[in-house]
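Read the structure below first, then the notes.
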Amino acid sequence: MTDKKLLAKAVIFGTVCGMLITVILTCIFSIIILTSGLLPTDLTNYIMIAMLAIGTFFGGIITTKITKSAGLIAGLITGFAIFLLVTIIGLIRSNDSVTVFTLIKLIATLIFGGVGGIAGLKRKERIHIK
């Protein structure tokens, strides 16, 4: 398999895994909110960005585990893909426009995706996908 095809498959798989981790974290956060009461909207937005960053970090790790090279680039691509998915879904589902939080999400996903990509190169195991 060529490197570009492997990178494309790895980014898709890492993006899906990162989004799933973000959804799971969001569900856990929702349960906490329902049991403890409401939080201020500003705090909720920052917590959501933190959960997105954590999901992107693990997506970058998974992507790099598959490619086993170019950790920073693979992580950045995964982070940008997750940012695009979240932003497109958010713009379709609500009437909101692009805000400062959109820029913060972009920065967070790129940073944590890149760091996750670098962290994924630290271990020797490799994930194989067909």
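The values are calculated or read from the model by the stated rules, or taken from the named source; none is laboratory data. All values reported here derive from a predicted model rather than from experimental measurement. Cβ: placed from backbone, ideal geometry, glycine included. Neighbour counts: every protein chain shown.
Remarks
- Checked against (1) at pLDDT 85 or above; (2) in contact with a Phe, Trp or Tyr (Cβ under 7 Å, 6 or more places away or on another chain), Cys27 meets all criteria but (2).
- For the range 95-130, the tally of residues that are over 13 Å from Thr56 (Cα atoms), of a type in the set (Ser, Thr, Tyr) and modelled with pLDDT of 80 or more stands at 2.
- Some residue of the range 26-41 being buried (at least 16 other Cβ atoms within 10 Å of the Cβ) and within 20 Å of Ala119 (Cα to Cα): no
- Positions within the range 85-119 being surrounded by 14 or more Cβ atoms within 10 Å (Cβ to Cβ) and more than 25 Å from Phe13 (Cβ to Cβ), in sequence order: Phe101, Thr102, Ile104
- Some residue of the range 52-66 being modelled with pLDDT of 90 or more, surrounded by fewer than 21 Cβ atoms within 10 Å (Cβ to Cβ) and of a type in the set (Val, Ile, Thr): yes
- Boolean, Ile82 is in contact with a Phe, Trp or Tyr (Cβ under 8 Å, 6 or more places away or on another chain), of a type in the set (A, V, I, L, M, F, W, C) and modelled with pLDDT of 90 or more: no
- So Phe80, is it out of contact with any Lys or Arg (no Cβ under 8 Å at 6 or more places or on another chain), surrounded by 21 or more Cβ atoms within 10 Å (Cβ to Cβ) and closer than 28 Å to Lys122 by Cβ: no
- Residues located in the range 90-107, provided they are closer than 22 Å to Ile54 by Cα, over 15 Å from the mean Cα position of the chain (by Cα) and not aliphatic (A, V, I, L, M): Thr99, Phe101
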